[in-house]
Structure formats: C-alpha cells, structure tokens
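The values are calculated or read from the model by the stated rules, or taken from the named source; none is laboratory data. Owing to the predicted nature of the structure, the values given are computational and were not obtained by experimental measurement. Note that each Cβ is placed from the backbone with ideal geometry, even for glycine, and that neighbours are counted across all protein chains shown. Surface accessibility is based on the protein's heavy atoms, side chains included, excluding ligands, DNA and RNA. Shrake-Rupley method; radii C 1.70, N 1.55, O 1.52, S 1.80 Å.
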Amino acid sequence: MTQATSKRRGHGEDSIYWDESKNRYIGAVSLGFSPSGARIRKKVTGRTKTEVRDKLRELHRQVEGGLRPRRRYTVEDALEDWLAHGLDGVSARTVTLYRGTIAKALREELGSVRLTELTAADVQAALTAMASRLSSRTVQIAHNVLVRAIRHAERDDLVGRNVAALVKPPKGHLAGRPSKSLTLEQAVFLMAAARGTRLEAYIVLSLLSGLRTEEARALRWDHVVAWVDGQWRPVSEAGFDHEQLAVFVWRADRAGGDTKTPKSRRTLALARRCAEALREHRVRQAEDRLAAGPLWQDHGLVFASAVGTPLDDHNVRRQFRVITEAAGLGTVWVPRELRHTFVSLLSAHGVPVEAIALLAGHNQTATTELVYRHQIVPALTRGAEVMDEIFG
C-alpha cells in the first residue's frame, strides 16, 4: 500500500514510503518551490528504510554544500556537457579525438554510472581496463578528459568532488607507434621523388630545417625572410637573391596558433636547397592563384591548397605516402619522421645535442635525448669510433 502525506511538508522535510509497483522504499525531500510555483522534490530509492535514510542524508549534504544534483545525471551526461560547452579554443583535430576515441572508451567503462556516486576506485578500475587494450598516451588523455569533464560539472554544482583527480592513470598495454628516421641515402631518394610535386618544398624544408609538421602548415610568406641592409625583410618584398635567408618559426597549426613551447619560437637559417625549393614553390603558388581566380582565398600561407586554404594534415600524409612509395620506401612513413631524420643526420655529422635542441626548438636537451634517442649518436662512443678510423 502506498503511503501519502496528508499535509504539505516544509523545506527540507523528508518522507519515506513503500511503493508496491516498484517493490522498493521511496525517500523524498522537498527543497521548496521554483519561481513558477512548482514544488522542487528530490527522490531516492532503496530496498530498506536504512538504505533510503542514508541516501537522503547524502542528498541533504549535497544540497547544504550548494550542489544541485540532477536525477540520473551520469558520467556520460557530464562528458556530453563538457564536449558541447567546454572545448572553446581547442583545435578541430583534438575535438575529433575527444569525441571519437576518448569519449567512446570512457562511455564503455563509466557511462552509466551516476556522477554523484562515482568513486576514485571506479575511475581507477576503468582506466586499468582501458590500459589493457590502449596505449599509455591514450589512457593519459582519457584521464585528463574525465578530470576536465567532472570539473565542468563541479563548476555547475552538479558534483561535490572531482574523484578522477585523485587517480593516477596506469601505463597502457600497447606501445606507441615508434618513430624512425631516414638514412642519408633514403633522404636523397625521397627528395628526388618529390621533385616537381606540390609537396616538394614542404618535404625539403621539413627535412633540412627540422620544422614540426604543424609549424610547416602554419608558416606564412611574411615569415620567410632575407637579411637586407642589417635587417630581416620578407622575401615577398626583398626576393630570394640574398646570401642569408631564414624562416621565423613563430606559429603552429595548434589551438590559438602558438608554437608548442616558448622555446619553439625560433629563427632558422635556410640551407640553399631549402631556399631554392621555396623560390620554385612561390612561382607554383602564383600559378595556382591565377588558375583559381575568384575562388582563391589568401591566407598568406606558404603551404596551401590549390585555392589558398590551409592544408589538412590527413591530405598531407596521403600525398606524402604517394611520394615515399615512388621513392621506393614503401608507405610506412609519415611527415613527422622528416624531423627525426633532421636530428639523426645532424647527430651523425657530429653536431652536439645542445645545438640540435636549439634547432629543433626543445626546452631542454633531455627532451632531445629522450624523444629522439634512436636518432642521437651516443657521445661516449664517438672517441672510440674516431680512434678506430685513425688507427684501423
């Protein structure tokens, strides 16, 4: 038999009754009235009165703490709210990663859990399960996304504590894709195969200057400069016929347009091969502009589509694989490995790691040695190698 109250209860008063249709106890608390005059009531359920009383006490604690918990508001709801309203300034590529791979994995493990009932143990168990099939980097990103989604809910007073922030993500089971570098001979074959293609200057500049792929895609013509009368001037004004040419690496295809770190902002002198490739590329781009006519969109980019729009990284990778296959290198290479090749060739020719770190735009040499450890020639072996050459 369902028990009903005979009088209006005051703000915060509780009622507990048996609901035969649900075969459970129902606990209800009145939180006053909305501006429209409707009663604001929150309900909890349980198999025993004790269980319901405990849930009502937790509900009171949340309300007294300023929380506004929504009934059945789950981790999936929190993720969706954050994805819809908390990604301002994030690049389209990152949004795609969050919405696809990351959010999907989190939904599978925690999506149905009510946010107010989520525990640190739940989060740890979910990340551990994900780590059994995903890489460490993906698990770390998933943890970061969950922390930020709950923080977004915390801001809206939907939860009192960010339990995800209490958890340390485990290491993933899958190793990340190992980077590799071209040999000198392979690099020569690649540049030969790129000759005359739309990606020639992109490949030559990345290979001989060590630009990150996002730095190359964001490079502007006013940042390709010549040293004239004691100052740097854009080649669009000064031309390429000067002894010193350089690029200002001041932008990147990232959220906000900034480079990866402050030390990534650097001025790099151009090798003669780079200068020649860029000269020819500028002529080719002028032909594209004429062919496009009114369809041309002038973004001032060095590397752009046939109508002047920014290059899509997926299209760059696809074109790059066509060229690597033509060079006899197969299709297993990606553009970022040109930067690894740059480091490898410098190291093989005796350039100190400190100088390589500056050229690559790393904050410290430890980054250069860690990330590019396969490309750095161990300094301690150099003496023995030279002695072998002298006395061999």
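Set the bar at 30 Å for Cα to Cα. Now go through Lys42/Lys171; Lys180/Lys263; Lys55/Lys171 and name every pair that lies beyond it. Too far apart for the 30 Å limit: Lys42/Lys171; Lys55/Lys171.
Per residue, how much accessible surface does segment 94-229 expose to a 1.4 Å probe? Answer in Å², no decimals.
Working: 6220 Å² over 136 residues.
With the other protein chains kept in place, segment 94-229 gives 46 Å² per residue.
Taking every protein chain into account, the accessible area of segment 235-286 amounts to 58 square angstrom per residue (probe 1.4 Å).
Could you look at segment 72-214 and say what percent of its accessible area is carbon and sulfur, using a 1.4 Å probe and all protein chains?
Values: 3550 of 6930 Å².
Heavy-atom surface of segment 72-214 belonging to carbon and sulfur, 1.4 Å probe: 51 percent.
With a Förster radius of 35 Å applied to the C-beta separation of Arg114 and Thr309, the computed FRET efficiency comes to 0.20. All Cα-Cα distances of segment 164-262, cut into 10 Å bins from zero to the largest, leave 13, 29, 32, 16, 7, 4 percent in each bin in turn.
At 0.36 nm per residue, minus the direct Cα-Cα distance, what do Leu184 and Arg41 gain on full extension? Give it in nm, one decimal, please. Please list the in-between numbers first.
On the way: separation 143, 0.36 × 143 = 51.48 nm, distance 7.29 nm.
Gain on stretching Leu184 to Arg41: 44.2 nm.
First select every other residue whose beta carbon is under 15 angstrom from the beta carbon of Val225; then total the charges, Lys and Arg +1, Asp and Glu -1.
On the way: positive: Arg220, Arg233, Arg251, Arg265, Arg266, Arg279, Arg282; negative: Asp222, Asp229, Glu237, Asp241, Glu243.
Cβ neighbours under 15 Å give a net charge of +2.
Shown is the FRET efficiency for Gln297 and Asp258, computed with R0 = 22 Å from the Cβ-Cβ distance and rounded to the nearest 0.05: 0.45.
As an exercise, use a Förster radius of 45 Å and the Cβ-Cβ distance of Arg107 and Glu243 to find the FRET efficiency, rounded to the nearest 0.05.
On the way: r = 59 Å, r/R0 = 1.31.
It comes out at approximately 0.15.
Measure off, as a whole percent, the carbon and sulfur share of the 1.4 Å-probe accessible area of segment 263-344, all protein chains present. With neighbouring chains kept in place, the figure for segment 263-344 is 54 percent. Taking the empirical scaling 2.2 N^0.38 Å for compact globular proteins as reference, segment 255-368 has a Cα radius of gyration ratio of 1.28. Using the average count of surrounding beta-carbon atoms within 10 Å as a protection proxy, the listed peptides 199-212, 107-120 rank, highest first, as 199-212, 107-120. Overall, segment 203-245 carries a charge dipole of about 220 debye about its Cα centre when +1 sits on the Cβ of Lys and Arg and -1 on the Cβ of Asp and Glu, all other atoms neutral. Accessible surface computed residue by residue for segment 320-361, with neighbouring protein chains in place and a 1.4 Å probe, gives 41 Å² per residue. The alpha-carbon atoms of segment 180-232, seen along their principal axes, cover 39, 23, 23 angstrom, with the largest extent given first.
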